[in-house]
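J.: Sharing a structure with you now.
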Amino acid sequence: MAKPKPLMTKSSGPDDGAVQSALRTLDAEASGIAAISAALKSDLGASFTAAAEVIRKAKGRVIVTGLGKSGHIGRKIAATFASTGTPAFFVHSAEASHGDLGMITADDAILALSWSGEQPEMRNLIAYAARFGIPLIAMTADQDSTLSKAADVQLTLPKAREACPHNLAPTTSSLMMLALGDALAIALLEGRGFTSTDFSVLHPGGKLGALLKYARDLMHTGDALPLKPLGTKMSDALVEMTSKGFGCVGIVDARGHIVGIVTDGDLRRQMRPELLTLSVDEVMTKNPKTISRDTLAGEALELLNASKITTLIVTDAKKPVGIIHLHDLLRAGVA
């Protein structure tokens, strides 16, 4: 029985047709993003500021709506708004006419996405917004479209050619809508001073949630903390290191302030016959890296990596209150 032929007989290179197609697509889409940047520096800038102000003043939520590819992009924009401190959800433009208009209140603001601005499914939503005085922001590519003319704020995207060779499949246009939606969400985030602490409240799950835990959530405390005072013999310090299992021992002064640390690396560097008779003062690394209780786990991981160490002492007013090991971050899903 003949062996099946492999799917590929040689690796793809720069002359590969699929790669060249991908590069053309990325070039086309990059030109769309560049066009938005240029527009924001010109006529689009004032409208963008007005849209952000409308959303900021809304007592309710941002209702993002659209259908087709614009609808899919709208769902993502709504999710980005919600996860960055701007309450929002998505309402499908077609479903709005069949009862979902009831999800929209007079306290809300509507962000409607439509490249042409002429979908008939938008008409009832436009009428509803006008009837109840709900601010309407239109994101379209045609400022003379029905949707754009009915809107209180027009976010008119610059015209751009689709990456599709037939200039038909929404590709560049979809990316441009997504990019402008992201830009609006981040502008609102920065405008309200939304912090990493606020972010952690909305992202408690998964790896992102783990990164947003605090040192206080992961640190070992109390008797688990390996500590010895200045003047301790290395023989006693080594017992403390071994019994606590962190590969280090923190050294404190008479006030209880952390002043040094002895690690496995220090032992290797100071290895000599009289090592165990020395005091920790002669072996320790002075002024060790420390963090506060309120340091994010992601920041702790970054410090460990940057310093090429495996443990961090957690301090409060220079006094050690806990210790975090790289393995703690791994178990929590941070790394």
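The values are calculated or read from the model by the stated rules, or taken from the named source; none is laboratory data. Because the structure is predicted, anything quoted here is derived from the model rather than measured. Counting neighbours? That spans all protein chains shown, and the Cβs are built from the backbone with ideal geometry, glycine included. Only protein heavy atoms, including side chains, enter the accessible area calculation; ligands, DNA and RNA are left aside. Shrake-Rupley method; radii C 1.70, N 1.55, O 1.52, S 1.80 Å.
J.: How many residues are in a helix (DSSP H, G or I) and free of Cβ contacts under 8 Å to residues at least 24 places away in the same chain when one looks only at region 233-254?
T.: The qualifying residues number 7.
J.: Could I ask something else about it? Pick from region 160-195 the residues that are of a type in the set (V, I, T) and in contact with a Cys (Cβ under 9 Å, 6 or more places away or on another chain): which of them is least open to solvent (accessible area, probe 1.4 Å)?
T.: T172
J.: Kindly establish whether V314 is of a type in the set (V, I, T), open to solvent by 20 Å² or more (accessible area, probe 1.4 Å) and modelled with pLDDT of 95 or more.
T.: Taking the combined requirement at face value, the residue does not satisfy it.
J.: Let me ask something else about it. Across region 285-311, what is the number of residues that are touching a residue at least 40 places away in the same chain (Cβ under 8 Å) and either touching a Leu at 6+ places or on another chain (Cβ under 9 Å) or within 19 Å of R255 (Cα to Cα) (or both)?
T.: 11
J.: When you scan region 21-71, how many residues do you find that are β-branched (V, I, T), open to solvent by 40 Å² or more (accessible area, probe 1.4 Å) and not in a helix (DSSP H, G or I)?
T.: Of the residues in that region, 0 qualify.
J.: Tell me the residue from A127, A88, A106 that is free of Cβ contacts under 8 Å to residues at least 12 places away in the same chain and small (G, A, S), please.
T.: Values: A88 fails: free of Cβ contacts under 8 Å to residues at least 12 places away in the same chain; A106 fails: free of Cβ contacts under 8 Å to residues at least 12 places away in the same chain.
Answer to the check: A127.
J.: Please determine whether any residue of region 210-217 is over 30 Å from S83 (Cβ atoms) and either open to solvent by less than 30 Å² (accessible area, probe 1.4 Å) or within 34 Å of the chain's Cα centre (by Cα) (or both).
T.: no
J.: Kindly provide the set of residues from region 82-130 that are closer than 16 Å to G60 by Cβ, open to solvent by 10 Å² or more (accessible area, probe 1.4 Å), more than 28 Å from the chain's Cα centre (by Cα) and not hydroxyl-bearing (S, T, Y), ordered by number.
T.: Those that are closer than 16 Å to G60 by Cβ, open to solvent by 10 Å² or more (accessible area, probe 1.4 Å), more than 28 Å from the chain's Cα centre (by Cα) and not hydroxyl-bearing (S, T, Y): D100, L101, G102, M103, A106, D107.
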